[in-house]
1. Of a type outside the set (Ser, Thr, Tyr), free of Cβ contacts under 8 Å to residues at least 40 places away in the same chain and in a strand (DSSP E or B): does that describe LYS50?
2. Of the residues PHE20, PHE44, which single one is modelled with pLDDT under 60 and of a type in the set (Phe, Trp, Tyr)?
Amino acid sequence: MHKIIPLLSVCGLVILALVFAAHDGQAQNQLSVVIDHFTDGDSFTIRGQKVRLWGIDAPEYYQNCTDAAGQEYQCGKQARQFFENLAVSHAIS
C-alpha cells in the first residue's frame with residue numbers, strides 16, 4: 001500500500017498539469033473539467049472519453065493484494081478511492 005500512494009500522487013499532478021495547459025499567450029483561460037467516472041487508480045472517463053494515465057500502473061478495481069502479514073485486502077478499490085479523493089480535493093478554479 002505504501003508503494004501505491006506515491007504513484008497515485010502523481011495522478012493528481014497530471015490532472016493539475018492538464019488544467020494549467022489551457023493558456024493562449026495573452027490571457028489565461030479558465031478550464032473546467034468534470035470527471036464522469038473513476039475506473040480504477042489510473043484511469044477515468046471525461047465526457048465519454050476514457051483516459052488512462054501514462055506511466056502509472058495502479059491495481060485494477062477488482063484486484064486484491066496481500067499485505068506483509070499475509071492478509072488479503074482490496075487494493076484495487078483502495079487505489080480508486082484514493083485517486084478519486086485526490087482529484088476531488090484538488091479542484092482548480
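1. On the way: of a type outside the set (Ser, Thr, Tyr): yes; free of Cβ contacts under 8 Å to residues at least 40 places away in the same chain: yes; in a strand (DSSP E or B): yes.
Judged against the criteria, LYS50 is a match.
2. Values: PHE44 fails: modelled with pLDDT under 60.
Residue meeting the stated conditions: PHE20.
One line per residue, one yes/no per condition, for (1) under 17 Å from HIS37 (Cβ atoms); (2) buried (at least 16 other Cβ atoms within 10 Å of the Cβ); (3) at pLDDT below 90:
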position: CYS65; (1), (2), (3): no, no, no
position: GLN81; (1), (2), (3): yes, no, no
position: LEU86; (1), (2), (3): yes, yes, yes
position: HIS90; (1), (2), (3): no, no, yes
position: SER93; (1), (2), (3): no, no, yes
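The values are calculated or read from the model by the stated rules, or taken from the named source; none is laboratory data. In this text the structure is predicted, and so the values were computed from the model without any measurement. Ideal geometry is used to build each Cβ from the backbone, glycine not excepted, and the neighbour counts take in all protein chains shown.
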